[in-house]
Amino acid sequence: MIYKYLNKRAATGYSQILILVLSMFAFSYVIYSSQNVDAAEPGYGCCEKTNEGHLCQYVEEGDCSGKWVRSECDKTDYCRTGCCISQKTGLCNKNVPKLECEESFDNDVSCNIAECESVCCILGEESMWTTERNCQVEANFLGIPPEFDLNTKSEVECILLTEGDEKGACILEGEKCVYTTLEDCISRTGSETRFHKTFCSDPELNTSCKSHEGGKGCVEEDVYWFDSCGNPEEIAEDCDFMKGSYCKDTVMGANCESIDCKIDEKSRKNGESWCEYDDVIGHGTDPVGSRHIRHICIMGEEKIEPCSDYRNEICVEEVSQTDSGKISQSACRVNNWAECLNYNNQDSEEKLKEKCETNPDCYLKTIDARGGSGNFQLTACLPNYPPGFDLIKELDEEDIAKTESDSDELNSLCDVASQRCTEVWKWSLFTGWKCKYNCGCHSEQFTKEMNEFCVSLGDCGGYINYNGDVDQAYQIKSTWERAMPPRLSDEDIMKIKSNAINPPAEPGSDAFFEDMNSANLITILPKISGALGSALLTQILSDNNFTRAVRSTSPGKVDFSRYTKEFNLLRTASEASKFAKKDNTGSIIGAVIGGAIGFMIGVLLQVSMMMSMVFALIGGVIGFFIGMTKTKIVHIDFNCLQWNPPAEGDCNKCNEDIFCSEYRCESLGQLCSVVNEGTAAEMCTKKEVNVSIAIIEPWEFEGDGLKIPTEGIVYSEVSKKGFRVSSEEGNGCIEPYTKIEYGIKILTKEGESQYAQCKIDTSAQNNYDEMQGYFSEDYPTAYLPFHKTSFFFPSPEALKNQYNLSDEQIKNLSEMKFYVRCKNIKGIVNPEPFEIKTCVNKGPDLTAPRIQKTFPENGAYIEFGKTNQDIVVYVNEPAQCRWSTSSGKMFSEMENEMKCNTGVFNFTRYGLPCTTTLSGINSSNNFYFKCRDISENLNTMSEDYVYSLKVSQSELSITDISPKNNEEIISGFEPTTVNLKLITSGGAENGESECSYKFSNQEEYIKFFNTDSSYHEQELSSMIGGSYEVEFKCTDSAGNIAQNTSSFKIRIDDIGPIITRIYYDSGLKVVTAEKSECRYNFNRNFIYENASVMESDEEGKEHRAPWESANYYIQCMDKYGNKGGKFKAIAYGLYF
Amino acid sequence: MDVKMNRKAQITIFVIIAIMIVVLLIVIILFVKRPLETGNLDESNPQSYIESCTNDAVKEALDLISLQGGDINPKGSVLYNGREVSYLCYIEQEYEKCINQRPKLIEHIESEITNYTRNRILNCFQTLKEKAEGRYDIEMSAETLINTELQPRQVTSEIKKNFKMRRGENIREFDNFKIINIHPMYEFAKIATEIVNQEAEFCNFDYQGYMILYPEFEITKDTKHNDYTIYTIKERSTNQEFIFAIRNCVMAPAK
């Protein structure tokens, strides 16, 4: 009854809402389709049943209580997933492991099979959208025959379909009466005559039921009168679901009540949804701990749906005009923040801008600190809604001991905004020191802009949590005090909020409510994945490409300033002096002009030649000083760090919301944590912990292949005030160019572990906030009980040669002292700094250089037909390198010289780079390298470093494609599943490659789900009828590329077979227009599955049944599961 | 004299009233304390007794199953509001779609109810036998077949057990007991199956759209700690609920 008012327009409205949701599904869908996380994770395998009772999970063997195989679950027979069809209920279950469904399992995980196709099932008054089998099962329960409306193709249409059979009074024994359908009445009484098209209370029927005496009650959406027997009568109040009213039964009786919502004096319609935010949003201003919240008005009540925490989802909203006014629709959808960072890898700034500006989750930020002339201009695509981080690190000793700083991964996203600006200052007699180059870098604006960049990346930088607590999580360093940019005040930081956009967040480029038909759905899904990026989100988070992309914007050089102030100052002085040498032409010209003028004055004064020469000399000296300039190179580093919760925070703030979570709770304070998780008393409270002023001790750890301090390094001179980091060998000083690791542990006065944040500096004078660097390299700002750092130093002798240092400076460089202070979680800092001493062997350098890494890797494949290859060789110390195609040659005899970077400030994590182009690869694949250092001893490698490259033997090619070009795929229903399959051959490793695909309307290639071998497969489970052109691209390890395309068509055959003839031919013979299976029964209401199967010929078009003199009811089904209508054939007796 | 008599009579009346109150209290206490499992014990109507006794057991089972994701004793579950709730779809890894943990949910719930009620039903028969013995000779078959079926809007339990009552020549024999419990568990299980199917395919379920199409049900989605999601399906007309958990498409925090 409720639906009788739901007209076609309303149905369209609902279908649009469904489409909105489908679009949300699509975001999620692509998460799955694009990733293969943990595929090769060591120690993991497919577990039949975990210790916790979960089926078919990819876990470690120790977590498994059932069968465990070192493989992904999809590759095992028992845990591969598919569709499970319940034989009892006819319901289908998606993504079911095979072991749970042996008897009725289909490989199609999405259940795109005939048995699972939903149809419109009509059972008496009700219609429902379910499988045919389930319809029959429910019909059996109800004892009524099922009916199928095959013309109805959607759930919405089906639900709107039924008006119900006409009801009337059914007279039972003893003046009793029920208001029911004719069919029910016949089943109750066995007679049609007892049914009357009127109410039971009609006086003419003489029943005991009295009109209206049962009061009012609800029948679906409307209010009805009821008679004394409890039968509904005429409508009392006509509620209108579409206009926002619905029958509600209360103790006061039934009446129409509004199902719209009144929220803060604002009326919201039933089904309307909208977004709310904790604070400002957009342009990177979402505060730490904030969450996007979706509100829904449904049946007069407001429901709250918090979007995924850590701002992994954002709430987007769009207002549309309907017949009844404006209505807002919202959705929690995946935040595409990672894609924004990925855009920074574009070839050109135009492309970057184009991509960034069209993605509503990104914004473009330009920082220009050139101040006239310079090069510090940065344009970056940044997340509009920065992602949240895991703020409180709960790491054990082993986690901290693991070295992450050496991997290619960024320690934190915040690192992306850690940038160095180099200023050039000049001095002259008349102007003094004046900045000439990148002069904006020492301004407050620089700090502000860089901090905004930093804050946009996530929970980084100087910003606030959703409670307004500020943390200044950034560092600024300058090699010259005068050129130090000022830090921001808390007030400046609060001003970042003014950058925010006007809420709500934009839905995206896919128009959520635009009328989409099935033909363009396939074109929209990939668009969504491109625009909203879940595919890339996953890809990025699991793929090194992302780190490569962001690394390209981050400084790749080792920051020496963290180790020694002496060194840092020295660096500036030495580089500046180099510039000064280059820039002394002014002095020389001045001297020449001054000398000439002096000489001319002498001549004019008619003094002696000797005096003229003296005048010339004086003039020259004056001219020299006037023309003299000095140049200073100043490095200004902005280090973006992870935001940290305040030491003392208001944990209770979290409990004010119903959506308090770990993330929100922990953002409020270092001691805030969720307690009683999973119970009704779950809440955010302050942890009671034992803290005191940090007691610092050297940290030793050994286990699982890890050792702190590094093998061969020991702690000595250990006292309450500090310790020394020494080598076990020689004089205890550490060999140059050797990276060592050491650590400290933080204890309370009672000797228990406590959490603290630690800083390190070369000056004991600085207080905690002024100290230069954080002790921990991997988790710089984190509060941890253990902190690890590393030490790497070049040879003081090499520096001496390179920068012409004095013995005193060499001594200062080789003997170092660091000061450490730690702040505990209550904000208390140890007043006396802890001293850590170490020394570096100052030489002479007796060791030859060492090649540490090459790109491409040694033994790598190169493209087919390529004869030259650019390579990079990393050496552990400043050196010159050469190469030859012959082995055993002396360094001096080697024909080819590499271009080596010997500046110690250019050290990368792999060493100092040397570049060259190897030629003649076809004739010889082995190359021999030798390097010689630049120390006084000119130590040279005695043995060749043998480097080999393998040439691909043929081109990479795609040898087989499925669906084949111009293939027509016929399916009985949509969406249907299509498997893209490729076979590759040739190339570097017999076709082993990574393949991607894209449809003609897509911009980006999408990686196959199964790839990285010579067989590549991608299941597309939401395909609909239409023509498709798909492009394939495969790349192998050598960089060989193979491309191909395939055009195919999907035809949906959803029409049952047509019976073209029925006649007698030694029995009943039925001819169908297509290959089918036919069944018959003599009862009109037969169920196809239970009917007798006719014998078919090979072609499946002719079907036979024994001849009987009866009414045959025949139904045929094609191979796609489409059933035709029931055909009645009357067979008469045959007389011969 | 009359006054004395009246006073005595008055005291007697008071005593009688006091005794009556005490008796009434005892009766009430006894009535209240009577164990529920005996139900409306009428040994002369075993059909009614067994139905009533079984009905209570089925209700208990339904109450537990409704709040615990379809399981009497959840395993592979999460604590939610102080109660273990089973995962109907679960994946350990992040960024992956969940694996359906409970296909054929309807059959599973039927089996859970059957297993839970079996001992209670046997107790019902035993209690009935004990109560009726003395007045009747009771014979019971050792075999008890219990079949539970979820059907639209009801849960039916069918017990096949031979129960024979003999008093002299008079024999009454019962073989089949059918109990119907009005409960939307079938609808709950169907909706839960649909939710799991959509979650397993799309990482999401459009509960808002579902509620608009089917206003008789209210669905609540509660995602906890970026980890698991609790779905609650409520039938508006009866306020009965079904709660289950899923862990699906979990997105890790950035770092």
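Checked against (1) surrounded by 15 or more Cβ atoms within 10 Å (Cβ to Cβ); (2) in contact with a strand residue (DSSP E or B) (Cβ under 8 Å, 6 or more places away or on another chain), A:Ser1022 meets all criteria but (2). In the condition set (1) more than 11 Å from every other protein chain (Cβ to nearest Cβ); (2) touching a residue at least 24 places away in the same chain (Cβ under 8 Å), B:Glu158 is compliant with all but (2).
Of the numbered criteria (1) assigned to a strand (DSSP E or B); (2) over 24 Å from the mean Cα position of the chain (by Cα); (3) surrounded by fewer than 18 Cβ atoms within 10 Å (Cβ to Cβ), the one A:Cys435 fails is (3). When you scan the range A:313-321, do you find a residue that is within 17 Å of the chain's Cα centre (by Cα) and within 10 Å of chain B (Cβ to nearest Cβ), even just one? Yes, the range A:313-321 has at least one match. For the range A:942-978, filtering for residues that are touching an Asp or Glu at 6+ places or on another chain (Cβ under 8 Å) and surrounded by fewer than 17 Cβ atoms within 10 Å (Cβ to Cβ) leaves 1. If you go through the range A:872-924 and keep only what is at pLDDT 85 or above, of a type in the set (Gly, Ala, Ser) and buried (at least 16 other Cβ atoms within 10 Å of the Cβ), you end up with A:Ala879, A:Ser884. Each residue in the range B:54-72 was checked for being polar (S, T, N, Q) and at pLDDT below 95, and 2 pass. Taking the condition modelled with pLDDT of 90 or more and at negative phi, does B:Pro35 pass? The answer is no for B:Pro35.
Looking across the range A:323-369 at every residue that is among the charged types (D, E, K, R) and within 14 Å of chain B (Cβ to nearest Cβ), the one that is nearest to A:Glu423 (Cα to Cα) is identified as A:Glu339.
In this structure, is A:Asn676 surrounded by fewer than 20 Cβ atoms within 10 Å (Cβ to Cβ), polar (S, T, N, Q), within 14 Å of another protein chain (Cβ to nearest Cβ) and touching an Asp or Glu at 6+ places or on another chain (Cβ under 7 Å)?
Against the criterion (surrounded by fewer than 20 Cβ atoms within 10 Å (Cβ to Cβ), polar (S, T, N, Q), within 14 Å of another protein chain (Cβ to nearest Cβ) and touching an Asp or Glu at 6+ places or on another chain (Cβ under 7 Å)), A:Asn676 qualifies.
Tally the residues that are of a type in the set (Val, Ile, Thr) and surrounded by fewer than 20 Cβ atoms within 10 Å (Cβ to Cβ), restricting the search to the range A:742-768. Within the range A:742-768, residues that are of a type in the set (Val, Ile, Thr) and surrounded by fewer than 20 Cβ atoms within 10 Å (Cβ to Cβ) number 1. Can B:Tyr214 be described as surrounded by fewer than 21 Cβ atoms within 10 Å (Cβ to Cβ), within 12 Å of chain A (Cβ to nearest Cβ), farther than 30 Å from B:Leu128 by Cβ and of a type outside the set (A, V, I, L, M)? It is true that B:Tyr214 is surrounded by fewer than 21 Cβ atoms within 10 Å (Cβ to Cβ), within 12 Å of chain A (Cβ to nearest Cβ), farther than 30 Å from B:Leu128 by Cβ and of a type outside the set (A, V, I, L, M).
Filtering the range A:83-92 to residues that are at the interface with chain B (Cβ under 10 Å from one of its Cβ atoms) and more than 18 Å from A:Lys49 (Cβ to Cβ) leaves A:Cys83, A:Ile85, A:Ser86, A:Gln87, A:Lys88, A:Thr89, A:Leu91, A:Cys92. None of B:Ile230, B:Ile243 is closer than 23 Å to A:Glu302 by Cα, within 12 Å of chain A (Cβ to nearest Cβ) and of a type in the set (A, V, I, L, M) except B:Ile230.
Per-residue answers, yes or no, for (1) at pLDDT below 85; (2) in a strand (DSSP E or B):
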| residue | (1), (2) |
| --- | --- |
| A:Gly991 | no, no |
| A:Ser996 | no, yes |
| A:Ser1022 | yes, yes |
| A:Glu1031 | no, yes |
| A:Cys1034 | no, yes |
| A:Ala1038 | no, no |
| A:Ala1042 | no, yes |
| A:Arg1051 | no, yes |
| A:Thr1060 | no, yes |
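Listed by first and then second residue, the pairs with beta-carbon distance under 6 Å, at least 6 apart or on different chains, first residue in the range B:104-127 and under 30 Å from A:Ile85 (Cα atoms) and within 14 Å of chain A (Cβ to nearest Cβ), second of a type in the set (Ser, Thr, Tyr) and part of a helix (DSSP H, G or I), are B:Leu105/B:Thr193.
The set of residues in the range A:773-784 being crowded, with 20+ Cβ neighbours inside 10 Å and in a loop (DSSP other than H, G, I, E, B) consists of A:Phe775, A:Ser776, A:Asp778, A:Tyr779, A:Pro780, A:Thr781, A:Ala782, A:Tyr783. Residues that are of a type outside the set (Asp, Glu), at negative phi and within 14 Å of chain B (Cβ to nearest Cβ) within the range A:456-472 comprise A:Ser456, A:Leu457, A:Cys460, listed in sequence order. Filtered by the rule that a residue be under 56 Å from the mean Cα position of the chain (by Cα), outside any loop (DSSP other than H, G, I, E, B) and buried (at least 19 other Cβ atoms within 10 Å of the Cβ), the range A:217-247 gives A:Cys218, A:Asp222, A:Val223, A:Tyr224, A:Ala236, A:Ser245, A:Tyr246, A:Cys247.
Within the range B:49-82, the residues that satisfy the criterion of being out of contact with any strand residue (DSSP E or B) (no Cβ under 8 Å at 6 or more places or on another chain) and within 12 Å of another protein chain (Cβ to nearest Cβ) are B:Asn73, B:Asn81, B:Gly82. Only one of the numbered conditions (1) farther than 30 Å from A:Cys414 by Cα; (2) touching a residue at least 60 places away in the same chain (Cβ under 8 Å); (3) surrounded by 23 or more Cβ atoms within 10 Å (Cβ to Cβ) is violated by B:Ile230, and that is (3). Applying the criterion of at least 2 residues that are more than 30 Å from A:Ile298 (Cβ to Cβ) and more than 24 Å from the chain's Cα centre (by Cα) to the strands (runs of 3 or more DSSP E) found wholly in the range B:107-221 leaves B:137-140, B:154-167, B:170-182.
Criterion first (in contact (Cβ under 8 Å) with a residue 60 or more places away in the chain, crowded, with 22+ Cβ neighbours inside 10 Å and not acidic (Asp, Glu)) does A:Lys788 satisfy it?
Values: in contact (Cβ under 8 Å) with a residue 60 or more places away in the chain: yes; crowded, with 22+ Cβ neighbours inside 10 Å: yes; not acidic (Asp, Glu): yes.
Yes.
Within the range A:381-399, one or more residues are in contact with a strand residue (DSSP E or B) (Cβ under 7 Å, 6 or more places away or on another chain), away from chain B (no Cβ under 14 Å), at pLDDT 85 or above and surrounded by 21 or more Cβ atoms within 10 Å (Cβ to Cβ). If you go through the range A:199-211 and keep only what is loosely packed, with under 13 Cβ neighbours inside 10 Å and in contact (Cβ under 8 Å) with a residue 24 or more places away in the chain, you end up with just A:Asn206. Check the range A:138-146 and report whether any residue there is within 9 Å of chain B (Cβ to nearest Cβ), at pLDDT 90 or above, out of contact with any helix residue (DSSP H, G or I) (no Cβ under 7 Å at 6 or more places or on another chain) and buried (at least 18 other Cβ atoms within 10 Å of the Cβ). Yes, the range A:138-146 has at least one match. Of the residues making up the range A:1085-1131, those that are of a type in the set (A, V, I, L, M) and either buried (at least 17 other Cβ atoms within 10 Å of the Cβ) or touching a residue at least 60 places away in the same chain (Cβ under 8 Å) (or both) are A:Ile1087, A:Ala1091, A:Met1094, A:Ala1105, A:Ile1114, A:Met1117, A:Ala1129, A:Ala1131.
Taking the criterion of being touching a residue at least 40 places away in the same chain (Cβ under 8 Å) and buried (at least 18 other Cβ atoms within 10 Å of the Cβ), the residues of the range A:725-741 that qualify are A:Val725, A:Ser726, A:Ile734, A:Pro736, A:Tyr737, A:Ile740, A:Glu741.
The values are calculated or read from the model by the stated rules, or taken from the named source; none is laboratory data. What you are looking at is a predicted structure, and each value in this text was computed from that prediction instead of being measured. FYI the Cβ positions are ideal-geometry reconstructions off the backbone, even for glycines, and counts take in every protein chain you see.
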